[in-house]
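Novice: Here's a structure for you.
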Amino acid sequence: MNDSTLSYYLSSTLMAFALFFSCQQAYAEITPKPHHIAFSEGQFELSQATEISFNHPDAKPVAEYLAEFLRPPTGYLLPVTKQTRSKGNVITLHLVDSALAEEQYQLAVSAQSIKISARTPTGLFWAVQSLRQLLPAEIESRMPINQASWAVPQVTINDKPRFKYRGMHLDVSRHFFDVEFVKRYIDWLAMHKFNVFQWHLTDDQGWRIAIDAYPKLTEIGATRPHTVMGHTYDYQPLFDQQPVSGFYTQAQIKEVIAYAQARHIEVIPEIDIPGHTSALLAAYPELSCHQQPVKVQPQFGIFEDVLCPREDVFAFLRTVYKEVAELFPSQYIHIGGDEVIKKQWLASPFVKQLMREHQLSTPEQVQSYFIKRVASIVQAQGKTVIGWDEILEGGVAEGAVVMSWRGTQGGIAAAKLGHQVVMSPYQYIYFDAYQSRNLDEPKAIHGLSTLKNVYHYEPQPSHLSPEQQELIIGAQGALWTEYIKTPRHAEYMVFPRLSALAETLWSAKADKSWSEYSQQRLPKLMQRYQKMHINAATSAYNPTISSTIKGEQLQVSMRTDIEGTEIYYTLDGSEPTLTSLRYQQPIIISERTRVRALSFAKPLGQLVGDAQLTLAPHLALGKKISFSYPPAEGSATKLQDGQFAYDQFYSVNDYAIFYDSDLEAVIDLDSSTLVERVEIGYNSGRHRQLHPPTSIKIWGSNDNKNWQPLAHIQQPPGPMSILSFAATRVRYLKVSAINSKQSQDIQIPKLPLYIDEIAVY
């Protein structure tokens, strides 16, 4: 082999490798990850000469959808024809008689053509969503783009979903979202290959669907005068004085359903009973057991007003569900059944008589009676009932599908009883939770559900038998909107967590890899979301600050969920920049310090995530502490960990919690120690107001018997109190904080006192 031949061979080989790896990069863009894919050299060039063809009338709508999707960014008016005779530059969509599964598809890209095959139009549609992600991100623009090349790499894909039920929920009761937003929401689900949209249409804060037989449901039930500001559990809630109103006409409902059907998504309505019915009862108060006026709720949570299990109520619901069944072609109707307070039932003479007549011994059996009656109403319309996992209590209705939201135990129990299950545990896939603990996160309800946690969620519990696992038909994410008022906020909460859940529900379990997803597909997705003008969260790149006790000092560590992300920090509370210290190893803190950190997200080219944590090494750090009234299990260590909670959003895990009791604690400093100041944190002051103590007192002692008063404060301010006194030598400190215990809220029967830290100086 001469030099020129060798040079040509090496050049050709390098070009082939470069093309191969560019194809691999294109594959990395497809989310959810396909089941099987193979690459070859070359690419298909989409141009104004490209033709789209189909072989069956049922494939035509998908072909037209593809042409319509490609038109805005490319400017191409691509013809859609049946059985093209063209031999080049053609995209064919073929329905085939084969052993392919219902939603399975095959996609083959060559230099001359793109061939899509499936047994059903749904399979063709999912193939189009994969083809969409093989094109440059600019294809997402709904405006013309001057793109020199709309190239698709040569690739062969054989793909099908893991689960048949791949759902996402939207609550429009707490805050109303118009038809155009709902359509965009459905488009997002389609892009990620979800096939179910659960529409949460009724709740305590608003009734959002027109029912012809009962117009007052929307005339009265669709409007509330104002909404709580801050958090519904704030100890001093304020209201915004802004009415919230809105509902969907039946024509609009049909419009949304048709839009979803064109995207192969089933729309499941949720009409909640017997609880979460304040808006219904505001319109028709005679349907309660007490038959007194009820208001559309301006706050969020759980309320006493529930439907009464009388025959006139079931007749009312029969009419409502009949109209709903006629509107929605879905095989399912969701009836709620969750969070039912039974107080009004137990106080009702009618319910007491009902329990005697039907041999019902518990309020849970009354709930089961109610649910079974409604299930028979729904089933008479030819529909299958879905309910939250509380429908298991007292006995579940035959044929009901259980949606497990309080964790996985409800789903496990239902599967063992032979019921189909949709997993929706709030700990993993409720998208109204925070995505990081940083202060730049918008308001959320509570809890933490990071992108990584969503990605690692597994719907099928391993300890179920194979037959029981088959009853887990899928999972569903949820977007509850108590604290989500705008489309931009909703986008932030949904993206990119939606993509992580999509991969769990579609991709093969063995093929999932957080490293591959976060390093390869996520950056490309974020670029695509940007082209779609979606306000996607960057929270997965955010830093997390933590500390551990090292003697009389604190050791500080920082991390992110995405490997290789650089973290920059300061120790004076100032905002970090790219010239600040770069985190490389744990840091030792020996004095009060406000640590602040941001991460550099390389795919985004920017610093993100404002992580802050005030750390306070002090004399009582890690010392022995005893209580007159023990705090909630596992929370005592939070009193002396050196971390104050007010730099992060509220989390129950930051506090020692005293339910309906006071804090009375004795700290052993090991030896006689000069003490002159105690700092006590108790109100996070971020995102949520916690109830403060009514008074705080400090005593000192050297024998743990004879106590000397040191400091006292009445009605302490938030978020912390500083109690200074003359320097005194003591071995023991006694600290008391008095819980007011005066809860008037049925949602908090025992008023909790949250204590963050007892720092001694």
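The values are calculated or read from the model by the stated rules, or taken from the named source; none is laboratory data. Keep in mind the model is a prediction, meaning the values are calculated, not measured. Virtual Cβ from ideal backbone geometry, glycine too; neighbours counted across all protein chains shown. Keep in mind that these areas ignore ligands, DNA and RNA; they rest on the heavy atoms of the full protein, side chains included. Shrake-Rupley method; radii C 1.70, N 1.55, O 1.52, S 1.80 Å.
Novice: Quick one: in segment 139-169, of everything that is part of a loop (DSSP other than H, G, I, E, B) and small (Gly, Ala, Ser), which residue is nearest to GLN527 (Cα to Cα)? Please lay out each step first, then the result.
Specialist: Step one: list which residues in segment 139-169 are part of a loop (DSSP other than H, G, I, E, B), which gives 141-149, 160-164.
Right, trim to small (Gly, Ala, Ser) and you get 141, 148-149.
Details: SER141: 12, ALA148: 19, SER149: 18 Å.
Taking the candidates together, the pick is SER141.
Novice: Separate question: Which pairs do you get when a residue that is open to solvent by 60 Å² or more (accessible area, probe 1.4 Å), found in segment 355-376, comes within reach of a residue that is basic (Lys, Arg), reach meaning Cβ atoms under 9 angstrom, with the pair 6+ apart or on two chains?
Specialist: Short answer, once both residue conditions are applied: GLU364/LYS342.
Residue-by-condition table, conditions (1) open to solvent by less than 50 Å² (accessible area, probe 1.4 Å); (2) in a loop (DSSP other than H, G, I, E, B):
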position	(1), (2)
PRO293	no, yes
GLN297	yes, yes
ASP305	yes, yes
ASP312	no, no
ARG318	no, no
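Residues checked against (1) part of a helix (DSSP H, G or I); (2) open to solvent by 30 Å² or more (accessible area, probe 1.4 Å); (3) touching a residue at least 12 places away in the same chain (Cβ under 8 Å):
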| site | (1), (2), (3) |
| --- | --- |
| ALA475 | no, no, yes |
| LYS485 | no, yes, yes |
| ARG488 | yes, yes, yes |
| SER499 | yes, no, yes |
| ALA502 | yes, no, yes |
| SER515 | yes, yes, yes |
| GLN519 | yes, yes, yes |
| MET526 | yes, no, yes |
| ASN535 | no, yes, yes |
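Novice: Which of the residues that make up segment 50-79 are surrounded by 19 or more Cβ atoms within 10 Å (Cβ to Cβ) and over 33 Å from the mean Cα position of the chain (by Cα)?
Specialist: The answer is THR50, ILE52, SER53, PHE54, ALA59, ALA63, THR74, LEU78.
Novice: Sticking with this one: Kindly evaluate LEU100 against the criterion of being part of a helix (DSSP H, G or I) and either touching a residue at least 60 places away in the same chain (Cβ under 8 Å) or over 31 Å from the mean Cα position of the chain (by Cα) (or both). So that I can check it myself, show each step before the final result.
Specialist: Values: part of a helix (DSSP H, G or I): no; either touching a residue at least 60 places away in the same chain (Cβ under 8 Å) or over 31 Å from the mean Cα position of the chain (by Cα) (or both): yes.
Answer is no for this residue.
Novice: Looking only at segment 595-621, count every residue that is closer than 17 Å to GLN530 by Cα and crowded, with 19+ Cβ neighbours inside 10 Å and tell me the total. It would help to see each step written out before you state the result.
Specialist: If we filter segment 595-621 for residues that are closer than 17 Å to GLN530 by Cα, which is where we start, we get 601-608.
In the following step, the residues that additionally are crowded, with 19+ Cβ neighbours inside 10 Å were identified as 601, 607-608.
Of the residues in segment 595-621, 3 are closer than 17 Å to GLN530 by Cα and crowded, with 19+ Cβ neighbours inside 10 Å.
Novice: Another question, then. Output the residue which, of all residues in segment 282-306 that are among the aliphatic types (A, V, I, L, M) and within 29 Å of the chain's Cα centre (by Cα), is nearest to PHE176 (Cα to Cα). I'd like the intermediate steps shown before the answer.
Specialist: As a first pass, look at segment 282-306 and keep what is among the aliphatic types (A, V, I, L, M): 282-283, 287, 294, 296, 302, 306.
Now narrow it down to the ones that are within 29 Å of the chain's Cα centre (by Cα): 296, 302, 306.
Values: VAL296: 14, ILE302: 19, VAL306: 23 Å.
That would be VAL296.
Novice: Please go through segment 215-229 and pick out each residue that is open to solvent by 10 Å² or more (accessible area, probe 1.4 Å) and either in contact with a His (Cβ under 7 Å, 6 or more places away or on another chain) or not in a strand (DSSP E or B) (or both).
Specialist: So in segment 215-229, the residues open to solvent by 10 Å² or more (accessible area, probe 1.4 Å) come out as 215-216, 218-220, 223, 225-226, 229.
Across segment 215-229, the qualifying residues are PRO215, LYS216, THR218, GLU219, ILE220, PRO225, HIS226.
Novice: Among the residues of segment 238-249, count how many are open to solvent by 60 Å² or more (accessible area, probe 1.4 Å), under 19 Å from ILE220 (Cα atoms) and not hydroxyl-bearing (Ser, Thr, Tyr).
Specialist: Count: 4.
Novice: Out of all the residues in segment 80-95, which are surrounded by 14 or more Cβ atoms within 10 Å (Cβ to Cβ) and not hydroxyl-bearing (Ser, Thr, Tyr)? Walk me through it before giving the result.
Specialist: First pass over segment 80-95, keeping only residues surrounded by 14 or more Cβ atoms within 10 Å (Cβ to Cβ): 80-81, 84, 86, 89-95.
Across segment 80-95, the qualifying residues are VAL80, ASN89, VAL90, ILE91, LEU93, HIS94, LEU95.
Novice: Within segment 638-658, count every residue that is surrounded by fewer than 18 Cβ atoms within 10 Å (Cβ to Cβ) and at pLDDT 90 or above.
Specialist: Qualifying residue count, segment 638-658: 0.
Novice: I need the full set of residues from segment 582-591 which are surrounded by 11 or more Cβ atoms within 10 Å (Cβ to Cβ) and either at positive phi or under 34 Å from the mean Cα position of the chain (by Cα) (or both), in order please.
Specialist: Those that are surrounded by 11 or more Cβ atoms within 10 Å (Cβ to Cβ) and either at positive phi or under 34 Å from the mean Cα position of the chain (by Cα) (or both): ARG582, TYR583, PRO586, ILE587.
Novice: So if I check each of SER661, SER721, SER684, SER701, which one is of a type in the set (Gly, Ala, Ser), modelled with pLDDT of 95 or more and either open to solvent by less than 70 Å² (accessible area, probe 1.4 Å) or closer than 30 Å to GLU339 by Cα (or both)? So that I can check it myself, show each step before the final result.
Specialist: Numbers: SER661 fails: modelled with pLDDT of 95 or more; SER721 fails: modelled with pLDDT of 95 or more; SER684 fails: modelled with pLDDT of 95 or more.
When all the criteria are applied, what remains is SER701.
Novice: Going through segment 169-214 one residue at a time, which ones are open to solvent by 10 Å² or more (accessible area, probe 1.4 Å) and either of a type in the set (Gly, Ala, Ser) or over 15 Å from ALA490 (Cα atoms) (or both)?
Specialist: ASN195, ALA210, ASP212, ALA213, TYR214
Novice: State whether one or more residues within segment 250-258 are open to solvent by 10 Å² or more (accessible area, probe 1.4 Å) and farther than 30 Å from THR122 by Cβ.
Specialist: no
Novice: For segment 150-168, enumerate the residues that are under 30 Å from THR50 (Cα atoms), surrounded by fewer than 22 Cβ atoms within 10 Å (Cβ to Cβ) and charged (D, E, K, R).
Specialist: Across segment 150-168, the qualifying residue is only LYS160.
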